[in-house]
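Data block below; observations after.
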Amino acid sequence: MMRARSVFAAIMAALVFTTPAAAEPTATLASVSPAIDAIFARWADENHVPGMVYGVVDHGRLAYVRGIGVQDLTTRRPVDADTLFRIASMTKAFTALSILSLRDKGLIALDDPAETYVPEMRGWGNATADARRITLRDLLHHVAGFVTDDPWGDRQTPLPQDAFTRLLAAGVPFARAPEMHHEYANFGYAILGRVIANVTHAPYRAYVETTLLRPLGMTASGYDVHSLPPARRALGYRWESAAWTEEPTLDDGAFNAMGGLSVSATDYAKWLAFVLSAWPPRDDADVGPVRRGTVRQIAQGLNFASVFHRYGASGATACPGALAYGMGWRVVQDCDLGLTLNHGGGYPGYGSHVLVLPEFGVALFALTNRTYSGPSAPVWDSAVLLLHAGLLHRAEATPSPDLAAFYTAAREVWAAGSVAPLSGKVAMNFALDRSDAQWAKVLGETAAKAGRCDTSTPIRPDHALSGTFAWTCAHGTVEGSVLLAPTRPITVQSLHFAFVP
């Protein structure tokens, strides 16, 4: 353990930087795995976790996985990639995507009132006289006006379906009017589970199993914990009074849609590979159990953005991110990691965390068997470690044919010292924003400051209709941009050249 602690100290010192250090050209996932192991070993030791499995999914495969500790304290079976853990609220991502798949099939509409599909809600009335009825979209994004309910909701998993029906019929108190504020509510996702059951005329879990788990090959995973092989199950424990106590096993019931799924690392990696496969948008055949475009919708946070401080050692020095709740995922725009999807899972006997980095094709996760032991810090620290080691790479974007053609025209403009090469190719605003004579003056002055430039550098697309470039010149750099207009035929609405000494 002493070596792990010394490695950990070095890692933590490195992670305080807010920008990636220069990458070691020989760095590989195998070469940094001892550092990842040290991060998780330290965290598990400090948090009294009996057992844990963690992994890295890289472009469709489980590239690294490690189990530490034991599945249960009696037999002391070691944790491995096939140990089954309850993932608690990380189940919500499966529920949300199941709802979206029903929408794709034309069986529901997200902006329909939830009471359309759950009749017991029709007698609830409105939170205020001017409030809308709760919609399915409100439930997906946790903006239905319910009170946050983790302490109560986590204990409702085994609630029988008939008892849930009575609870719904009795109505619930509103914390506020719907669509006014994000407030995390397990109750809302339990209602979504009932929606799925009512629309499909089958148990909620049956739809998830046939729509997602089986097509993805997640054959070891499931909701009925008692049907899972006992030799593969991680039992859940509470750490109290400096000792572990086994938590009672909660049966599968009416609240399973908010947190009832059990998975192995091997299975969960298949789920993450599928989620990651939705990025980037492309024209390939769409062969997944749910359309790629539908999967990408989970990343659409619904307003009510807040400031997010990154979990882990780099959180204090990294620039704050923008957080909103998507559909079963917390969506954060991170300064270094870009678009991220993450979620924790807290449950009696279990704690888990997942982080998906769509821009890099990588995801990290950790599953534990200790009550509410959310391993968010080691997951995010490991992601930052991979970034600093130069092991996270954004896919190179290819310019669209239109953007490439107008970038060629921009080079011709630079070489000619005038916008004459763009004749007949500009939007109506172009001449109004700057006259041809003024363009010639600006181009001449900029070229004189820059000196001879290497214009062979490719353009960096923002998307199909805009991009930026940087040319190395004798006296500095020329930075520029091309912005095309939303018209047919395609024209240019803006062109920019700026000299940077």
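Annotations for the structure displayed:
Per-residue answers, yes or no, for (1) more than 16 Å from N256 (Cβ to Cβ); (2) of a type in the set (F, W, Y); (3) touching a residue at least 60 places away in the same chain (Cβ under 8 Å); (4) buried (at least 19 other Cβ atoms within 10 Å of the Cβ):
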position: L100; (1), (2), (3), (4): yes, no, yes, yes
position: K105; (1), (2), (3), (4): yes, no, no, no
position: A114; (1), (2), (3), (4): yes, no, yes, yes
position: G123; (1), (2), (3), (4): yes, no, no, no
position: L139; (1), (2), (3), (4): no, no, no, yes
position: P151; (1), (2), (3), (4): yes, no, no, no
position: R166; (1), (2), (3), (4): yes, no, no, no
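- Any hit, the stretch 443-460, residues being assigned to a helix (DSSP H, G or I), assigned by TED's automatic domain parsing to the domain that holds R488, in contact (Cβ under 8 Å) with a residue 60 or more places away in the chain and over 25 Å from K270 (Cα atoms): no
- Only one entry in A383, A395, A366, A377 is outside the structural domain of V65 (by TED's automatic domain parsing) and aliphatic (A, V, I, L, M), namely A395.
- Cβ-Cβ under 9 Å pairs, at least 6 apart or on other chains, the stretch 310-331 side of a type in the set (D, E, K, R), far side crowded, with 18+ Cβ neighbours inside 10 Å and in a loop (DSSP other than H, G, I, E, B): R310/A318; R310/D336; R310/L337; R330/G301
- Looking across the stretch 379-425 at every residue that is of a type in the set (V, I, T) and assigned to a helix (DSSP H, G or I), the one that is nearest to C335 (Cα to Cα) is identified as V384.
Conditions tested, residue by residue: (1) touching a helix residue (DSSP H, G or I) at 6+ places or on another chain (Cβ under 6 Å); (2) more than 15 Å from A38 (Cβ to Cβ).
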{"site": "A363", "(1), (2)": "yes, yes"}
{"site": "T371", "(1), (2)": "no, yes"}
{"site": "V379", "(1), (2)": "no, no"}
{"site": "L392", "(1), (2)": "yes, yes"}
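- Cβ-Cβ contacts under 7 Å between residues 6 or more apart (or on different chains), taken from a first residue in the stretch 414-427 that is in the same structural domain as D454 (by TED's automatic domain parsing) to a second residue that is among the acidic types (D, E), are listed as S418/D436; V419/D436; P421/E412.
- Some residue of the stretch 403-421 being among the charged types (D, E, K, R) and surrounded by 14 or more Cβ atoms within 10 Å (Cβ to Cβ): yes
- Residue satisfying condition, being within 11 Å of the chain's Cα centre (by Cα) and farther than 15 Å from A93 by Cα, within set Q333, Q300: Q333
- Odd one out for S264 among (1) surrounded by fewer than 21 Cβ atoms within 10 Å (Cβ to Cβ); (2) over 21 Å from K105 (Cα atoms); (3) not hydrophobic (A, V, I, L, M, F, W, C): (1)
- Residue match in the stretch 465-473 (condition: outside any strand (DSSP E or B) and either touching a Phe, Trp or Tyr at 6+ places or on another chain (Cβ under 7 Å) or surrounded by 15 or more Cβ atoms within 10 Å (Cβ to Cβ) (or both)): yes
- Residues satisfying the stated conditions in the stretch 75-115, i.e. in contact with a strand residue (DSSP E or B) (Cβ under 9 Å, 6 or more places away or on another chain) and β-branched (V, I, T): V79, T83, I87, T91
- Residue within the stretch 481-491 that is touching a residue at least 40 places away in the same chain (Cβ under 8 Å), part of a strand (DSSP E or B) and within 30 Å of P280 (Cα to Cα) present: yes
- Leading residue by the ranking (modelled with the lowest pLDDT) among those in the stretch 352-385 that are closer than 15 Å to Y311 by Cα and over 17 Å from the mean Cα position of the chain (by Cα): S373
- Selected residue (only one of S314, S352, S376 is in contact with a Leu (Cβ under 6 Å, 6 or more places away or on another chain), hydroxyl-bearing (S, T, Y) and within 18 Å of I87 (Cβ to Cβ)): S352
- Only one of A416, A410 that is farther than 30 Å from E359 by Cα and either in contact with a Leu (Cβ under 8 Å, 6 or more places away or on another chain) or at pLDDT 95 or above (or both): A416
- Helices (runs of 4 or more DSSP H) completely within the stretch 226-319 that count 1 or more residues being closer than 19 Å to R330 by Cα and outside the structural domain of A366 (by TED's automatic domain parsing): none
- Look at (1) on the phi < 0 side of the Ramachandran plot; (2) surrounded by 17 or more Cβ atoms within 10 Å (Cβ to Cβ) and you find that G312 fails only one, number (1).
- One residue stands out in the stretch 49-88 among those that are over 21 Å from L228 (Cβ atoms) and basic (K, R): the one that is surrounded by the most Cβ atoms within 10 Å (Cβ to Cβ), namely R66.
- Helices (runs of 4 or more DSSP H) contained in the stretch 109-208 and holding at least 1 residues in contact with a Cys (Cβ under 9 Å, 6 or more places away or on another chain) and modelled with pLDDT under 95: none
The values are calculated or read from the model by the stated rules, or taken from the named source; none is laboratory data. Small disclaimer: the values here were computed from a predicted structure and weren't measured. Here Cβ is always computed from backbone atoms with ideal geometry, including for glycine, and neighbour counts include all displayed protein chains.
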